[in-house]
Amino acid sequence: MTEQIRFVLLGLGNIGRNLLDILVHRQKQIEADYGLSFVLVGAVDSSGAAVSQEGLDMARVRDLKLGREGVADYPGMGRRGMVALEVLESVRADVLVGASPTNLRSGEPGLSAVRFALNAGMDVVMADKGPLVLAYQELMALAKQQQVEIRFSGTVAGGLPTVNLGVRDLAGSGILRVEGIFNGTTNYILTRMEQEQISYEEALAGAQKAGIAEADPTLDVDGWDAANKLVIIANSALKRPTKLSDLTVEGIRNITLEDLQQARREGKVIKPLAMAVLQDGDYQLSVKPVALDARHPLAMTNKWDMGVVYYSDYMGVISAIIEEKGPVPTSAAVLRDMINIYSN
Ligand SMILES: NC(=O)c1ccc[n+]([C@@H]2O[C@H](COP(=O)([O-])OP(=O)(O)OC[C@H]3O[C@@H](n4cnc5c(N)ncnc54)[C@H](OP(=O)(O)O)[C@@H]3O)[C@@H](O)[C@H]2O)c1
């Protein structure tokens with residue numbers, strides 16, 4: 001028998017729109033494989049919302065967004081100016097999917113929506129890092145109290161199962177060290193500098209042209225995006241209550257072609273690493289460019305790759321690498337979380 005899972009989707013950009021596209025293509029197979037049918041009962045963007053307890057047409061919402069329209073234009077069920085909290089109040093849903101912009105000052109609009117959903121007894125799946133970076137401990141405690149689930153496997157390096165490896169697959173073992181390339185843009189820049197012998201400025205311009213770096217690349221190149229992801233890994237996999245201010249953060253702006261060439265002569269490759277190292281009972285957390293031995297799994301990553309290595313006491317060393325050229329793997333990670341909650 002198929003179980004219907006009703007969801008509200010907050011954010012219909014790259015991640016939300018591609019999630020709908022995957023569901024349109026995969027829904028029948030998901031029903032066959034897991035006995036689950038996902039029904040979109042509310043969708044929210046900056047124009048407003050569309051709501052229907054019977055379910056919105058996911059292909060239609062996707063196509064509205066592809067046509068650069070607002071979801072408030074959804075025929076008959078669009079509501080201009082309706083915000084996420086009003087949507088959550090007006091429909092019955094099992095799960096909130098948070099895919100609005102990461103806001104590291106207030107966490108909004110995601111944080112209020114997540115709090116509301118948890119208090120209402122809904123599960124939550126997030127691609128948005130903001131609420132987790134700002135309020136991880138509070139949200140987990142609330143989820144536990146409400147006996148609901150929060151999943152966020154797409155927040156740290158998109159489709160790469162960084163969170164799942166650390167939280168689920170190393171259960172029972174101690175984590176001694178984590179090394180990760182969690183930011184695709186900085187790995188793209190350093191890899192192209194290294195492999196094509198071009199300057200930082202040329203590689204950055206290439207990343208901007210490829211659409212993976214913002215016009216203002218500060219969050220990426222100064223290390224803050226990777227730092228946010230390390231905060232999530234520290235809180236979840238390492239079980240260490242952690243805030244951004246616990247980390248030392250250094251970006252890649254000062255790495256020159258000469259630095260990369262010198263490292264290469266020494267059999268090393270400079271990579272933008274996020275690291276957690278267990279020392280005297282606590283983790284030292286940092287983001288910085290590090291010269292790795294050329295045979296290190298992360299040294300071998302290419303320009304579209306991200307990766308993680310977990311060093312554990314009883315389970316040895318586990319590495320995973322993903323080639324991720326766009327936002328779709330993150331959308332697929334959101335779907336993975338939705339399935340993992342309800343297929344158990
Ligand atoms: N892109 C990636 O590869 C990636 C990877 C991992 C995690 N993430 C995270 O996933 C989230 C979504 O990323 P994205 O690339 O899809 O972003 P995006 O393309 O900028 O889309 C953001 C969506 O949120 C909507 N929105 C903005 N402000 C809103 C508000 N106040 N209320 C309701 N909706 C609002 C936007 O509405 P409009 O459509 O009307 O503008 C848009 O639909 C972010 O938190 C990001 O950090 C992204």
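If the only charges are +1 at each Lys and Arg Cβ and -1 at each Asp and Glu Cβ, what is the size of the charge dipole of the stretch 162-323 around the Cα centre, to the nearest 20 debye? Walk me through the numbers before you get to the answer.
Working: 16 positive and 22 negative charges, 73 e Å.
Rounded to the nearest 20 debye, it is 360 debye.
Quick one: of the DSSP bridges fully inside the chain, what percent are antiparallel, nearest 5?
Approximately 65 percent, going by the DSSP bridge assignments.
Taking the Cα centre of the stretch 206-251 as origin and charging only Cβ (+1 Lys, Arg; -1 Asp, Glu), how large is the dipole, in debye to the nearest 20?
Dipole of the stretch 206-251, to the nearest 20 debye: 320 debye.
For the chain, build the charge dipole from Cβ charges (+1 Lys, Arg; -1 Asp, Glu) around the Cα centre, then report which of Pro131, Leu292, Leu230 sits farthest towards its positive end.
Pro131
Identify the residues of the stretch 181-206 with backbone N under 17 Å of a label point that sits 7 angstrom from the Cα of Leu257 along the Cα-to-Cβ direction, or state none.
Zone members listed by number: 189-206.
What's the magnitude of the charge dipole for the chain around its Cα centre, counting Lys and Arg as +1 and Asp and Glu as -1 at the beta-carbon? Answer in Debye, nearest 20. Provide the component values of the computation, followed by the final result.
Numbers: 34 positive and 42 negative charges, 47 e Å.
For the chain, the charge dipole is close to 220 debye.
Can you give me the Cα centroid spacing of the stretch 322-337 and the stretch 172-212 in angstrom?
Between the Cα centre of the stretch 322-337 and that of the stretch 172-212, the gap is 18 Å.
Using a Gaussian network model on the chain with a 10 Å cutoff between Cα atoms, which of Met58, Met275, Met315 fluctuates the most?
Per the Cα network of the chain with a 10 Å cutoff, Met315 tops the list.
Of the GluC sites (Glu not before Pro) in the stretch 264-344, which ones lie in a loop per DSSP and count no more than 14 other C-beta atoms within 10 Å?
Glu266
What is the total of Lys pairs in the chain with C-alpha atoms under 13 Å apart, excluding same-chain pairs fewer than 8 positions apart? Don't skip to the answer; put the middle values down first.
Details: Lys129/Lys229; Lys129/Lys243; Lys229/Lys243; Lys271/Lys288; Lys271/Lys303; Lys303/Lys325.
Going through the chain pair by pair, I get 6.
Full-extension gain between Glu214 and Glu86, please, as 0.36 nm times their residue separation minus the C-alpha to C-alpha distance.
In short, 42.9 nm is gained.
In the stretch 162-323, with Lys and Arg counted as +1 and Asp and Glu as -1 at Cβ, which of these residues, Gly307, Ser245, Leu190, has the Cα nearest the positive end of the dipole, that is, farthest along it?
Of the listed residues, the answer is Gly307.
How many angstrom separate the Cα center of the stretch 1-75 from the Cα center of the stretch 130-155?
Computed from Cα coordinates, the inter-centre distance equals 23 Å.
Quick one: which residues, 5 or more positions from Asn103 or on another chain, have an amide H under 5 Å from its amide H? H modelled 1.01 Å from N in the peptide plane, none for Pro or chain starts.
So Asn103 has HN proximity to Gly130.
Every number in this text was worked out from the coordinates using simple rules, so none of it is lab data. Bear in mind the structure is a predicted one, so any value in this text is a computation, not a measurement. So basically every Cβ, Gly included, is an ideal-geometry build from the backbone, and we count neighbours across all protein chains shown.
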